Amino acid sequence: MKRKFIYIALVVVLVLSIITSCAAPAAKAPAPPKILKIGSIMPFSGPASMWGESIKPVMEIYRDLINADGGWQVGDDKYIIELYFADGPIFSVQADAAAARTLIYDKQVSAIVSYFGVGYSAVAPICNAEKVVFNTSTISMGAYSASREPYSIFGFPAIEMSINQAMAVMQAFPQYKTLCWTATKGGNVDIEKIYAPVDEEIQKKYGVRSIRLYYPEGTTNFTPYLIKMAEMGAEVLFSFGTPLEIGLMARQRYQLGYKWPVAANGAILDTKIVKGLAGSEEAMQNICGDFCYPWLLKKVQIAPRYLDMANRIREAYKQKYEGKEPYAGAFGVGVTMMGQYLEGVRMAGSTDPDQVMKVLRGGTVETFLGKYTLSGNETYGSPVVFGFPCAMSIIKGNESVYLNEEPLWDVDHPLVNVTDLIKE
Amino acid sequence: MDKAKLKAKLPLILLLAFIIFTIIFPLIVKDRFLLSILIEAGVMCLFALGFAAVFRSGQFSLGQAAFLAVGGYAGALLASKAGLPFWLSLLGGGLSSAIVAFLLGIVILRMGGLYFSIATLALGEIAIIIAKNWDSVTSGMTGIAVDAPIVKIGELTINFATTKLPYYYIIVLLVIMAALMFWRIDRSRLGTVVRSVAVAPVMSEHAGIHLMKYRVIMFTLAAFVTGVAGAFYVYYLSWVGPPLFSGAQSTVALIMCVIGGLWSAVSGPIIGAIIVSYFGTMMQIHLEGLRPLVFGVLVIVLIWFMPNGLVELQYRFPAWVKSLFKKKGKVPDAPA
Amino acid sequence: MPPAIFIDSLVLSSMYILMASGLVLVFSIMGILNFAHGQFYMLGAYAIFYLFQQAGINFFISLALSAAIVGFVGILIERYIMRPIGQPIQAVVVTIALISVFEGLITLIAGPAPHSVTSAFPGNVDIFGVSLSSERLATVVIAVILIIALYLFIQRTRLGLALRAAAQQPVAAGLFGIQVARVSTLVMGIGCGLAALAGGIMAPMFYVDPWIGGQPLVMALLAIVIGGMGSLGGAVVGGIVLGMIGSMLAYYIGFWSQLISFGIVIVILLFRPQGLFGQSEK
Amino acid sequence: MTEALLELKDVYISYLGVEAVRGVSLRVTERDFVTVIGANGAGKSSVFNAISGLVKPAKGEIWFNGERIDRLTPPQIAGRGVIQVPEGRKIFPLLTVKENLMVGAFMQRDKKKIAENFENVYRLFPALKERPTAKGIRLSGGQQQMLAIGRAMMANPKMILLDEPSLGLSPIFCQQLSRQLKALHNEGKTLLLVEQNARMGLSLANYGYVLENGELRKEGTSAQLLNDDEVKRAYLGV
């Protein structure tokens, strides 16, 4: 009797467990997760590969964190994020185009984000023909046409930020009055065209005198140009150069005995890299650059969920990479530009590129770096933003110190209407 | 039919088969990524053919990419500013490149060997500096956008913006035309003269051959083909700007020619260009940071084993097959 | 003109001269341009970075070591890659491929990020009341000593004589017991060693990353053409001209100096197709 | 018969499958002055290049001083004491006269011997002594020839091979050259001379070979050959 009972019990348990094991997945398993594929073209080979290599892991952590939360909420669905990276060595437009094609044709991504090469005009036609949202930096802006390129957005307003950055530095050093803008002539950014119009206003508003000096592309020896700048009365340098050029400029300025602050546009500060270039601790003093850690921004209001996510990314990164801080540049371009697109998808409630662009056009999105407002219908897709900060830091001693921040000017800001300049 | 005749016609048959294959290929394999690689490979074929033509006249141009730029800018300007149709812009790109080459050629081709190479290197750099700084014409780094052409043939309208297939057929046609032209030249009296000029410049000069004339002819023809390639490429990318034409491309053309085989005027550069652009793109996508190292090692290994290029395979491969059979024949001997 | 500019142009000149003379030596005897010459410069700079900066070995010893190591790499490449291939065009392409090999290899080993090398001669010195960077002065002095030593080696030693003889008449040189193949291997070593020395003395002044070799090579190519191929004197003159343009002219006319350094090559070749000091016969 | 210093045994030389020299055998004893005459393209220079190691014979043996040398490299052969004065002189154009001579003495380690050789060369060719710092390229044709021979003398050779030394020289220089070659021979050097100018060659040498289309046609003492009808008709223009 007892034995029989045990047998029956065993059979019941077995049957029940079979039923539950079969029923459980059927009942609990949601529809197979939807997948949102995002591509990114960054330099992983060639002289700029250090940027790509340092931004990529932060983006991967962001992806992992979203997926760990169950995916990205779009309407009623959760999307699992898949990230694909492709190598676009800097200054190799053909390679950028090939990278875009493989991401779009092969991997079938729905957006390409965090691009900051110079091949905008080669990549944009491919993306726009395939209705792939292309989130890029204005530094790469070539022949942009709002009508031909309805799927382009400029999530990193590098050019526009520069004026704010420069003013932030001038405010931090009130004793200096002469600002020397410097860049390669015929380089990525035509500083004459963009900044000459604002010279007078800067003078009026901040009492800052502007001078300009150009150097040829590929310069490594800045001595003659620095001496010339000194003769012109420069007190602060604002450079459009690559981090390499800025490091060398700072180093050679120190060797010549000048103590000017050297500020950099788009060059996201990483003390290790700067030290690698400037050489000594003395030479790297007073180099200023972007500082995009959301947890350190003060003037800009950052949405709590982004601040929270930023901290989670930071923690996860520290855990994964032996306590190292994530690279600030990843918050400048990488995850921020990825987040802008994701935010667009969330607000549109759909991954349909037309819907997404309808939201992003003239819309305001939350990002890791505060509210970001794109320009409206007329200047559709162009990078006029409000709220995107240019946070400057300065290298003091052995680390970079938060210096100042300026929220980016508005479309209608009287000081500079960059939109007009770009529309030409 | 006797075997000998068939054997003599074999290359022609193979060539025809290859051409038919290239034409139906995209209709069978509908891989847009592969198609795009092939189109770029076609551009590089034209570029390498031009480079090889100059090279075979005994001059090594390090600034050949500048002619790609001249053709590209001319094509873009003719299309966007003058509103010329597609075909005419291509021709215009080629012609302007040829004119520039002719005017430069009569001056710089006087320089011998390496002096010419480095003069062309300098000219290539100057061309890029001009393109970057001549805002009123080239719009600096912004570059010039070119709209995809819409070609109307009778009732048929081909919109290049919607499909890339027409680009493929056009570049195949262009490559075949250029290949035929350079092949004819190579076979003609002119070709013989050109080769003798390359091999022994001093001797041919003594033999009464006007060395300069032939060099200028080859330089101009090569620039024409390169210019057409540049204009085509600009249409294909729908944009022209300075970063497209870095001087490093001229050395890439040399690599293509040597890998393909320098001693054949046409098949070598074409094979080299296709191989290098296909594998180059594949490596860029799959290898990322390792690409330069792998590429360099592969080039060296290829040259090591086949110093006369891949065209050598047509002689080596049959020999290899034969040796394979011979070995098989030897196998029974071994146990005995 | 500020005195710092003068020193600066000398620094640039000495870099170009060291690069150009190595290139010329290799060209004169092997008949090919070594396009990877700039990468040997890069290797030399990295050798200094590892030996002097990381391992803390005395600067001059590290310099000698880096020249020896890189020269040895050059010898291996000549002996085991270029010589078996033989044909000049193929050998040139091999040197072009070596560019990516070295850049890729160094990226793999040392990473893509730039490094700096501490100055071996920190501070400034006062000369006639003018304060000048002692690092720059030392660089010029080292470069001048190296160039003089090279000149003496080529003009005054038995090996130098063999080298010149082999470059001018390889067949006849062989008939008098000069082993031309060995001489070319040696010259490849010397040429690469010179590039490494240039890289080594420039490393503390600029920076080190896997791509620093490109610019010096272009300048060296221009220098040997300005001066005239095949003569050391030509390389010196070409280097000085380019150094002046790159510094003095840059000071006066700014970025257009770049256009001039390319343009002057064309102009000189138009009037003297063999370069300023080139011999019309070879 | 005395032991031969240099001996070629049935030497064949071919370039890209074309046989330039077929079955040539010749011997040169020490202190001998031998000439090889023949028309242009008869294979004379090929024979010389084979001796110097510039080309490897397809078949046959070359012995020098009791040692087989046809598989050695040019520098090794030069080290054995066989020095060639190549056709067209091939002096080093950008080296000075003195440096050219120093290259000749490249294998000599003994400073005293080098100084002695310098004196010998200068005594034989006083014209060179006058311009020791002139570049090779600045010398006249005759002076260049002197330099080429002097360069060979500097190597302290056991044997000098002279390839067409009279080529491109004026008659006056030719006479001078003849005198100098004789003097060289009188000093005890072994000479092998290739000449298109058969009369000059035979008048200088003791023994001669006639090479025709890559094959040996005749050999004999100079006197014999000078009186040979065939040789007279074909090479002496009588």
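Checked against the criterion of being more than 25 Å from the chain's Cα centre (by Cα), more than 14 Å from chain B (Cβ to nearest Cβ) and crowded, with 20+ Cβ neighbours inside 10 Å, the candidates A:I211, A:I227 yield just one match: A:I227. A:V300 passes every criterion in (1) over 24 Å from A:G117 (Cα atoms); (2) among the hydrophobic types (A, V, I, L, M, F, W, C); (3) not in a loop (DSSP other than H, G, I, E, B) apart from (3). In the range D:73-144, counting only helices (runs of 4 or more DSSP H) that sit wholly within it, the ones holding 1 or more residues that are of a type outside the set (D, E, K, R) and closer than 19 Å to C:V180 by Cβ span D:74-79, D:97-104.
Does at least one position in the range B:141-162 carry a residue that is at positive phi and either buried (at least 19 other Cβ atoms within 10 Å of the Cβ) or not assigned by TED's automatic domain parsing to the domain that holds B:F51 (or both)? Within the range B:141-162 (the criterion being at positive phi and either buried (at least 19 other Cβ atoms within 10 Å of the Cβ) or not assigned by TED's automatic domain parsing to the domain that holds B:F51 (or both)), the answer is yes, since at least one residue qualifies.
Just wondering, is there one or more residues in the range A:234-248 that are more than 27 Å from the chain's Cα centre (by Cα) and among the hydrophobic types (A, V, I, L, M, F, W, C)? Yes, the range A:234-248 contains at least one residue that is more than 27 Å from the chain's Cα centre (by Cα) and among the hydrophobic types (A, V, I, L, M, F, W, C). When we screen A:G339, A:G344, A:G289 for residues that are under 23 Å from A:E406 (Cα atoms) and in a helix (DSSP H, G or I), the only hit is A:G339.
Has the range C:211-222 got at least one residue that is under 18 Å from C:F40 (Cβ atoms) and away from chain A (no Cβ under 14 Å)? Yes, that holds for at least one residue. Across the range C:81-126, the qualifying residues are those that are away from chain B (no Cβ under 14 Å) and free of Cβ contacts under 8 Å to residues at least 12 places away in the same chain, and the one among them that is farthest from the chain's Cα centre (by Cα) is C:D126.
Residues are listed down the side, and each one gets a yes or a no for (1) surrounded by fewer than 24 Cβ atoms within 10 Å (Cβ to Cβ); (2) away from chain B (no Cβ under 14 Å):
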| site | (1), (2) |
| --- | --- |
| A:Y62 | no, yes |
| A:G75 | yes, yes |
| A:F85 | yes, no |
| A:A100 | no, no |
| A:L103 | no, no |
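Of note, C:G263 satisfies the criterion of being without any contact (Cβ under 8 Å) to a residue 40 or more places away in the chain and either within 14 Å of chain A (Cβ to nearest Cβ) or crowded, with 22+ Cβ neighbours inside 10 Å (or both).
What helices (runs of 4 or more DSSP H) lie completely within the range B:85-144 and have 1 or more residues being closer than 16 Å to C:R272 by Cα?
Filter on the range B:85-144 gives B:86-108, B:113-133.
When the range D:87-110 is filtered for residues that are without any contact (Cβ under 8 Å) to a residue 24 or more places away in the chain and either surrounded by 22 or more Cβ atoms within 10 Å (Cβ to Cβ) or within 8 Å of chain C (Cβ to nearest Cβ) (or both), only D:E99 remains.
All conditions in (1) closer than 20 Å to A:G329 by Cβ; (2) crowded, with 24+ Cβ neighbours inside 10 Å hold for A:L237, with the sole exception of (1). The range A:65-177 holds strands (runs of 3 or more DSSP E) entirely within its bounds, and those carrying 2 or more residues that are in contact with a Gly (Cβ under 7 Å, 6 or more places away or on another chain), over 27 Å from A:A48 (Cβ atoms) and not hydrophobic (A, V, I, L, M, F, W, C) map to A:77-87. Only residues that are touching a residue at least 40 places away in the same chain (Cβ under 8 Å), more than 18 Å from A:S92 (Cα to Cα) and away from chain C (no Cβ under 11 Å): list them for the range B:274-313, please. Within the range B:274-313, B:I274, B:L310, B:V311, B:E312 qualify. Going residue by residue through the range A:254-270, is there one that turns out to be of a type outside the set (A, V, I, L, M), closer than 15 Å to C:Y207 by Cβ and at pLDDT 85 or above? Yes: one or more hits. Between C:A64, C:A45, C:A55, the distinction of being aliphatic (A, V, I, L, M) and closer than 19 Å to C:L98 by Cα belongs to C:A45 only.
The single condition from (1) of a type in the set (D, E); (2) over 21 Å from the mean Cα position of the chain (by Cα); (3) within 14 Å of chain A (Cβ to nearest Cβ) that B:E125 fails is (2). Of the conditions (1) more than 14 Å from chain B (Cβ to nearest Cβ); (2) free of Cβ contacts under 8 Å to residues at least 24 places away in the same chain, A:K205 clears all except one; give me its number. Every condition holds for A:K205 apart from (2).
The values are calculated or read from the model by the stated rules, or taken from the named source; none is laboratory data. Predicted model, so just to flag it, every value in this text is computed and none were measured. So basically every Cβ, Gly included, is an ideal-geometry build from the backbone, and we count neighbours across all protein chains shown.
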